[in-house]
Ligand code: FES
Ligand code: FES
């Protein structure tokens, strides 16, 4: 077994240090070492998107990255989406209102991809939404309500703060 | 005391419904969208160790020896387990039909690739998986039995030596004058079909944490259990323990669709815990394990069907012969999927005579599991192809063909040939609605134009039944026991007037906690926030089963209304004493207990409960100070089947009509869904947004099953689709968003008139798409008879036509 390594990273604005085996996956570190269990694991081979988190602002699949690759990076996970006082993010509100979830297991991953999309493309077309989400799997909803959630979240984010 | 359940929303004790029947937001969602819901893998218990399971690489082999010594010696390994332990401590797995299974870890031989052979518990999952590499197993491979037809031949090599052959079950059910009808018919059509293995694949795999307390021999399991109480009972039997020593706590889980599996993993972790001095043992199935050895695979079917039809298009008889490849064992209730079509054998049609020739065969593949719909989706595909074949030959429009055979709306309740009773329906209205939405005539013209341009465009119009509210009596023919499945709830009002409902099933995605909340808020005239639904383990919950067979929405509605009524009777007595009137003079309306003749004399439900709890001086003598009530609901009027398996089993019959327009690209075999319309009638919709979500989700699964998903085994019994790279689930790019309309024909048999609706469109989508594909292929003179109609398969078919 290779020697453990020390890494430092920031997740949702909080700095962490961890000592991990080189083979440990990023998602296992986030969930197991840091206790951030909101990021889920659906396939562990990079296909379903359940484990998606933002790394330096880009959506990545944390099941096919190693924890040591996270050294020095800045992450956002589902736990960082609502405000610290518990106020839901517009994406979360939209998912509730538009029924963008059933079992909710895929939801954190989808939301991270959607956050990336809406940061880059605040007013996406349906095709742009589909392209951004086309690599993720939801087994429950049939995607229609997820698409509606994205449209609604985009609207909420674009609306001038009242 | 007999219960009069409210037949419709108007019968609830409120002036006008505020919550029920409205698309209220789900109470489940705030936790889910923030990642806070406690899925099983989020839980860590003190002293917990992690399990990894070694699976057989062979489809069929004798186990000559297993040596665990190197694995046991690895730093961090706490316990190891083999079939010997299973033999010593447990009974062989329960199977339906009985006697077709082994122990949870292989003993004498392995019977499928992926079969658990040994297991390890270690301080981390990484170490546990390392240890698997140190297990030495010597196998002596035997020729695998992979093809269902050869397996069913007399003299075939056997999956189980102790049986005479590989036939797990064989029976012909005959209903009515079948032979005569075929003799007398103007036309007889015959065709064979193939439905390949597909399955549930919830996004969360199965997971469990088990503890075997060695001091007092109690078991505690937390896990992603679809039916926790049922699982608990099974464990008590498996380990010969008193059933009240087995405690099961269901965690919220990421979908199930009938295919969560988990029996083996639960038993293995329990025995590992026993070996590890009672430490909690966690096992999280990984996706490849799920695909190759979990509850992932269903419906591996070879069909022959024939129908007898008169010149006017009336179908007089239906014959279906099914060879269903169950895989290596009959564990996990997969066989129920072959029996369930009897609950809706003749679909929406008044076909008076029918025959089901059913054979279940064992092969060296993964044992079949249940999957959403539980078996009718392939049967419906077959029936609807036959309807189209007949329509085409008779020169009838497919929609007209169906219309001529529908059970008329005035004939309900209607008993179908195979014995189940349909409660109500308006099949013609649903068809008309779909035709109108689609602009059917115009669509047919568009198809003609497309054809004239050489494009292969086709339309399918299909109506189906979703049998709702499953009951075990449907399955006694394959050896299940019992009639009636109670679903219970305990409703309590506390001293502050807040309401808590205790149920025995965990979150799974259908929004049932929301439905319970809506019903109670409505009944007692409070806000949604005043109601909370909590989960009880099997030892403290009222009798329950949980989701399955499109039953929970109806069953829990009955339970909640029953408990609310019981509770109201107590509260009414309290109010009657206070107002010095008789209880009959008091009624509940809009959350107030009022004296009927003096409406100003009223007491809120909250205050009545508070009086019960805090003022024994005001308590009527026959009322105990407990503002709580429990009620368990079960479907009325269920009995045993007759000698031909006929029985009123599923209480409700929801109906859907789908119209799909597709285009097949002859150069690639790709199917593009151009248009899709649905009219869906599942009676009263308690939460219409829940129902719509179910319909759309089931369309996606139907599209997956029809065009993409397939478990493929090679001739050696190796699974070629053991990852999501190979087993193709539909993404947002493949799933159509049909235009949907809701019709409401309430059930006369259920509380509030709701019908089972959880399986939904998976009953219809495959049949409808396949009808559309075959309509598109018509000019080419070929017919797609195999599902999935993957590009490869269609391309070959089309090449064969032009070549
Ligand atoms: S869990 Fe990472 S992509 Fe599926
Ligand atoms: S909501 Fe269940 S997988 Fe998406």
For this session: Within the stretch A:95-107, count every residue that is closer than 18 Å to residue B:514 by Cα and either more than 13 Å from ligand 2 (Cβ to nearest atom) or outside any loop (DSSP other than H, G, I, E, B) (or both).
Result: 4
Seminar exercise, completed: Only unsatisfied item for residue A:48, checking (1) within 30 Å of residue B:726 (Cα to Cα); (2) more than 16 Å from ligand 1 (Cβ to nearest atom); (3) part of a loop (DSSP other than H, G, I, E, B), is (2)
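Look at the stretch A:40-60 and say how many of its residues are within 16 Å of ligand 2 (Cβ to nearest atom) and either in the same structural domain as residue A:114 (by TED's automatic domain parsing) or out of contact with any strand residue (DSSP E or B) (no Cβ under 6 Å at 6 or more places or on another chain) (or both). Lay out the reasoning, then the answer.
Our first condition is that a residue be within 16 Å of ligand 2 (Cβ to nearest atom); within the stretch A:40-60, this holds for A:40-44, A:47-52.
Subset that is either in the same structural domain as residue A:114 (by TED's automatic domain parsing) or out of contact with any strand residue (DSSP E or B) (no Cβ under 6 Å at 6 or more places or on another chain) (or both): A:40-44, A:47-50.
Residues flagged as within 16 Å of ligand 2 (Cβ to nearest atom) and either in the same structural domain as residue A:114 (by TED's automatic domain parsing) or out of contact with any strand residue (DSSP E or B) (no Cβ under 6 Å at 6 or more places or on another chain) (or both) within the stretch A:40-60 amount to 9.
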Problem set entry | In the stretch B:479-529, residue nearest to residue B:606 (Cα to Cα) [restricted to those that are within 16 Å of ligand 2 (Cβ to nearest atom) and in contact with a strand residue (DSSP E or B) (Cβ under 7 Å, 6 or more places away or on another chain)] | B:513
For this session: Sort through A:71, A:123 and tell me the only one that's more than 17 Å from the chain's Cα centre (by Cα), away from ligand 1 (no atom under 16 Å from the Cβ) and either without any contact (Cβ under 8 Å) to a residue 40 or more places away in the chain or outside the structural domain of residue A:38 (by TED's automatic domain parsing) (or both).
Result: A:123
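Do the conditions hold for residue B:78, that is, is it in contact with a strand residue (DSSP E or B) (Cβ under 7 Å, 6 or more places away or on another chain), modelled with pLDDT of 95 or more, within 17 Å of residue B:367 (Cβ to Cβ) and more than 14 Å from chain A (Cβ to nearest Cβ)?
Values: in contact with a strand residue (DSSP E or B) (Cβ under 7 Å, 6 or more places away or on another chain): yes; modelled with pLDDT of 95 or more: yes; within 17 Å of residue B:367 (Cβ to Cβ): no; more than 14 Å from chain A (Cβ to nearest Cβ): yes.
No, not satisfied.
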For this session: Mind counting the residues in the stretch B:513-529 that are over 22 Å from the mean Cα position of the chain (by Cα) and either in contact (Cβ under 8 Å) with a residue 40 or more places away in the chain or surrounded by 19 or more Cβ atoms within 10 Å (Cβ to Cβ) (or both)?
Result: 11
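Select from the stretch B:510-526 the residues that are assigned to a loop (DSSP other than H, G, I, E, B), more than 14 Å from every other protein chain (Cβ to nearest Cβ) and touching a helix residue (DSSP H, G or I) at 6+ places or on another chain (Cβ under 6 Å) and list them in ascending order.
Of everything in the stretch B:510-526, just one residue is assigned to a loop (DSSP other than H, G, I, E, B), more than 14 Å from every other protein chain (Cβ to nearest Cβ) and touching a helix residue (DSSP H, G or I) at 6+ places or on another chain (Cβ under 6 Å), namely B:524.
Using the structure shown, decide if residue B:507 is within 28 Å of residue A:100 (Cβ to Cβ), touching a helix residue (DSSP H, G or I) at 6+ places or on another chain (Cβ under 8 Å) and within 14 Å of chain A (Cβ to nearest Cβ).
Details: within 28 Å of residue A:100 (Cβ to Cβ): yes; touching a helix residue (DSSP H, G or I) at 6+ places or on another chain (Cβ under 8 Å): yes; within 14 Å of chain A (Cβ to nearest Cβ): yes.
Judged against the criteria, residue B:507 is a match.
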Exercise. Given the conditions (1) surrounded by fewer than 20 Cβ atoms within 10 Å (Cβ to Cβ); (2) within 11 Å of another protein chain (Cβ to nearest Cβ); (3) away from ligand 2 (no atom under 16 Å from the Cβ), and given that residue A:72 satisfies all but one, which numbered condition is not satisfied?
Worked result: (2)
Exercise. Does at least one position in the stretch B:490-512 carry a residue that is surrounded by 24 or more Cβ atoms within 10 Å (Cβ to Cβ), at pLDDT 95 or above and more than 26 Å from residue A:104 (Cα to Cα)?
Worked result: yes
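Starting from residues that are part of a helix (DSSP H, G or I) and closer than 29 Å to residue B:114 by Cα, keep the ones in the stretch B:1-52 and report whichever is nearest to the chain's Cα centre (by Cα).
B:40
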Exercise. Could you list, in sequence order, the residues of the stretch B:215-230 that are assigned to a helix (DSSP H, G or I) and surrounded by fewer than 23 Cβ atoms within 10 Å (Cβ to Cβ)?
Worked result: B:230
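Output the residues belonging to the stretch A:126-146 that are under 22 Å from residue A:46 (Cα atoms), within 13 Å of ligand 2 (Cβ to nearest atom) and either free of Cβ contacts under 8 Å to residues at least 60 places away in the same chain or not in a loop (DSSP other than H, G, I, E, B) (or both). Reasoning before the result, please.
Looking only at the stretch A:126-146, we keep the residues that are under 22 Å from residue A:46 (Cα atoms), and these are A:128-143, A:146.
With within 13 Å of ligand 2 (Cβ to nearest atom) added as a condition, the list becomes A:133, A:136-143, A:146.
Within the stretch A:126-146, A:133, A:138, A:139, A:140, A:141, A:142, A:143, A:146 meet the criteria.
Given A:159, A:153, which one is away from chain B (no Cβ under 11 Å), touching a residue at least 12 places away in the same chain (Cβ under 8 Å) and either touching a strand residue (DSSP E or B) at 6+ places or on another chain (Cβ under 7 Å) or more than 19 Å from residue A:39 (Cα to Cα) (or both)?
On the way: A:159 fails: touching a residue at least 12 places away in the same chain (Cβ under 8 Å).
Checking each option against the conditions leaves just A:153.
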Exercise. Restricting the search to the stretch B:281-306, which residues are away from every other protein chain (no Cβ under 14 Å) and surrounded by fewer than 24 Cβ atoms within 10 Å (Cβ to Cβ)?
Worked result: B:302, B:303, B:304, B:305, B:306
Seminar exercise, completed: Conditions (1) away from ligand 2 (no atom under 16 Å from the Cβ); (2) facing chain B (nearest Cβ under 9 Å) -> residue A:78 fails only (1)
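The values are calculated or read from the model by the stated rules, or taken from the named source; none is laboratory data. A quick note: this is a predicted structure, and the numbers were derived from the prediction, not measured. Don't worry about glycine lacking a Cβ; one is built from the backbone with ideal geometry, like all the others, and counts go over all protein chains shown.
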